[in-house]
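Trainee: Structure provided below as structure tokens; questions to follow.
The values are calculated or read from the model by the stated rules, or taken from the named source; none is laboratory data. Just so it is clear, the structure is predicted and the values come from calculations on it, not from any experiment. So basically every Cβ, Gly included, is an ideal-geometry build from the backbone, and we count neighbours across all protein chains shown. Protein only, heavy atoms only, side chains kept; ligands, DNA and RNA dropped before computing areas. Shrake-Rupley method; radii C 1.70, N 1.55, O 1.52, S 1.80 Å.
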Amino acid sequence: MAIHEPVELNTFRHQIREFIEQHADDEILEAGRKTTSFFPPFDQVMKWHRILHSQGWSAIRWPEEYGGTGWDVARQLIFEEECRRAGVPLLLPQSISMVGPAIIHYGTDEQKRKHLPGILSGENFWAQGYSEPNAGSDLASLKCRAERDGDHYVINGSKTWTTYAYHANRLFLLVRTGGAGKPQQGISFFLIEDLTDPGIEIRPIIGLDGVPEQCDVFFTNVRVPVDCCLGEENDGWSVAKYLLEHERGGGTSFATTFRHELATIRRLAGRTGDGFGGFLADDPVFQDRYVRLHLEVDTLEATEEVFAAMEKGSPESGPMSSMIKITSMETIQRITELAIDVAGTPSLALQLAALTVASGVEPIGDDDAVTLMPKYLNNRAASIFGGSNEIQRNIIAKTLLR
């Protein structure tokens, strides 16, 4: 029970804890332990998604009328705390936390009817087609184009860093449909339902951690119906900005995840010698870095609670999501740096088999250390993906400091 937590919230916490204990099997828990980025092992996390859906808990932040829980911010945070405590994997954000809210906000009744149930149930998984080889943080310079041809669009171009695209059966993407005016004008937001079109080619990219998490996606004369456009044609930038608020700060609590990472570091420091007959956990330099990171996480959590209660798409929510993106991603980089400093040389071993769920391969060295180097490598990109931190500072300067 949290300090001074009301009885009704404590009862709710125990209900969540009991459900997780009863339904999260060994394979799901193993996937949670072996998650090395913000994207857990796919098969196991989708299995957990479907289990949560059976309880009505797959979209805890959605409005009740669309299948959400109706929980207040306190209950949402308790749910996420208990998930982190148990070690179950975070649900993949692209469907539930990103395109789902965009469809709720901008979609027609038909688009909501068609797409939201499959997102809730986990039947459909959506990949995100934003970045291109020459349009990452400068997303408005994208070149992937769609030309109108009767009641269809014809798409040509490419996307890159498309996470888990080879697992997806749906894709949301930004395409250029107009050319006049500012770069942000003339961009449309598409919902692509059929990734089996022979004009779509998906090529996995092997990351530094050895995992093919990212993908290149190529479009060659791909025909999609006109009603795949979410929002107005040529106004996709408005949809994209709304979605990015959820990606940067509205999908889950970073603070609860980061606290879980700090607990792992503390355990490891308590078992790692300092070279002078003691343990790193008692070293004042370690303690100073550890406590400073804890304070960063506490501050982040307070900011997340304010943002969670905000109306998304409001003048205040955009810069607030940028602030959360900056602080959370720089904090996780510092956390993973401390983790590597504590683990030392043993963390250098590349253990792909041991990181594979259900492989049965025992890790070399400490169980808590096997994921640390992949997490460190993955999080080098944390201050770039979702809009680089430099871009986020520009947004804050423009909207708040003018």
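Trainee: Read through the list (1) surrounded by 19 or more Cβ atoms within 10 Å (Cβ to Cβ); (2) on the phi > 0 side of the Ramachandran plot; (3) not charged (D, E, K, R), then give the number of the only condition that MET329 fails.
Mentor: Here MET329 meets the rest and fails (2).
Trainee: For segment 203-217, check the following and say yes or no: at least one residue is surrounded by 20 or more Cβ atoms within 10 Å (Cβ to Cβ) and more than 22 Å from PRO41 (Cα to Cα).
Mentor: Within segment 203-217, none of the residues are surrounded by 20 or more Cβ atoms within 10 Å (Cβ to Cβ) and more than 22 Å from PRO41 (Cα to Cα).
Trainee: How many of the residues in segment 305-326 are surrounded by fewer than 16 Cβ atoms within 10 Å (Cβ to Cβ) and either within 18 Å of the chain's Cα centre (by Cα) or of a type in the set (S, T, N, Q) (or both)?
Mentor: 2
Trainee: Among the numbered criteria (1) buried (at least 20 other Cβ atoms within 10 Å of the Cβ); (2) modelled with pLDDT of 95 or more; (3) charged (D, E, K, R), which one does ARG248 miss?
Mentor: Just one mismatch for ARG248, condition (2).
Trainee: May I pose another question? What are the residue pairs meeting all of these: first residue in segment 97-125, first residue without any contact (Cβ under 8 Å) to a residue 60 or more places away in the chain and over 22 Å from PHE254 (Cβ atoms), second residue open to solvent by less than 20 Å² (accessible area, probe 1.4 Å) and in a loop (DSSP other than H, G, I, E, B), Cβ atoms under 6 Å, and 6 or more apart or on different chains?
Mentor: Close Cβ pairs satisfying both conditions: GLY118/ASN124.
Trainee: Right, here's the next one. Within segment 98-119, how many residues are open to solvent by less than 20 Å² (accessible area, probe 1.4 Å) and assigned to a helix (DSSP H, G or I)?
Mentor: So the answer is 11.
Conditions tested, residue by residue: (1) loosely packed, with under 15 Cβ neighbours inside 10 Å; (2) in contact (Cβ under 8 Å) with a residue 60 or more places away in the chain; (3) under 20 Å from ASN124 (Cβ atoms).
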position	(1), (2), (3)
SER188	no, no, no
VAL226	yes, yes, no
LEU230	no, yes, yes
LEU262	no, yes, no
GLY270	yes, no, no
GLY277	yes, no, no
ASP282	yes, no, no
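Trainee: Can I ask one more? Go over the candidates GLN351, GLN392 one by one and state the one that is crowded, with 17+ Cβ neighbours inside 10 Å and farther than 20 Å from ALA255 by Cα. Step through it out loud before you land on a result.
Mentor: On the way: GLN392 fails: farther than 20 Å from ALA255 by Cα.
Only one candidate passes the filter, namely GLN351.
Trainee: In the set TYR153, TYR164, TYR130, which member is farther than 20 Å from PRO93 by Cα and of a type in the set (Phe, Trp, Tyr)? Outline the logic, then answer.
Mentor: Working: TYR164 fails: farther than 20 Å from PRO93 by Cα; TYR130 fails: farther than 20 Å from PRO93 by Cα.
Residue meeting the stated conditions: TYR153.
Trainee: Test of understanding: among ALA302, ALA269, which residue is over 25 Å from the mean Cα position of the chain (by Cα) and of a type in the set (A, V, I, L, M, F, W, C)? Walk me through it before giving the result.
Mentor: Values: ALA302 fails: over 25 Å from the mean Cα position of the chain (by Cα).
On inspection, the qualifying residue turns out to be ALA269.
Trainee: I'm checking my understanding of the structure. Among residues of segment 123-141 that are at pLDDT 95 or above and touching an Asp or Glu at 6+ places or on another chain (Cβ under 9 Å), which one is farthest from TRP48 (Cα to Cα)?
Mentor: Per the criteria, the residue is GLN128.
Trainee: What are the pairs with Cβ atoms under 7 angstrom where one residue, in segment 166-180, is modelled with pLDDT under 95 and the other, located anywhere, is not β-branched (Val, Ile, Thr)? Sequence gap at least six, or different chains.
Mentor: Pairs that qualify, where the first residue is modelled with pLDDT under 95 and the partner is not β-branched (Val, Ile, Thr), are GLY178/GLN185; GLY178/GLY186; GLY178/ASN234; GLY179/GLY186; ALA180/GLY186.
Trainee: Among (1) of a type in the set (D, E, K, R); (2) over 30 Å from GLY129 (Cα atoms); (3) surrounded by fewer than 16 Cβ atoms within 10 Å (Cβ to Cβ), where does ASP43 come up short?
Mentor: So the condition that ASP43 fails would be (2).
Trainee: Given the options ALA59, ALA74, ALA31, name the one that is surrounded by 21 or more Cβ atoms within 10 Å (Cβ to Cβ), of a type in the set (A, V, I, L, M) and within 24 Å of PHE307 (Cβ to Cβ).
Mentor: Result of the check over ALA59, ALA74, ALA31: ALA59.
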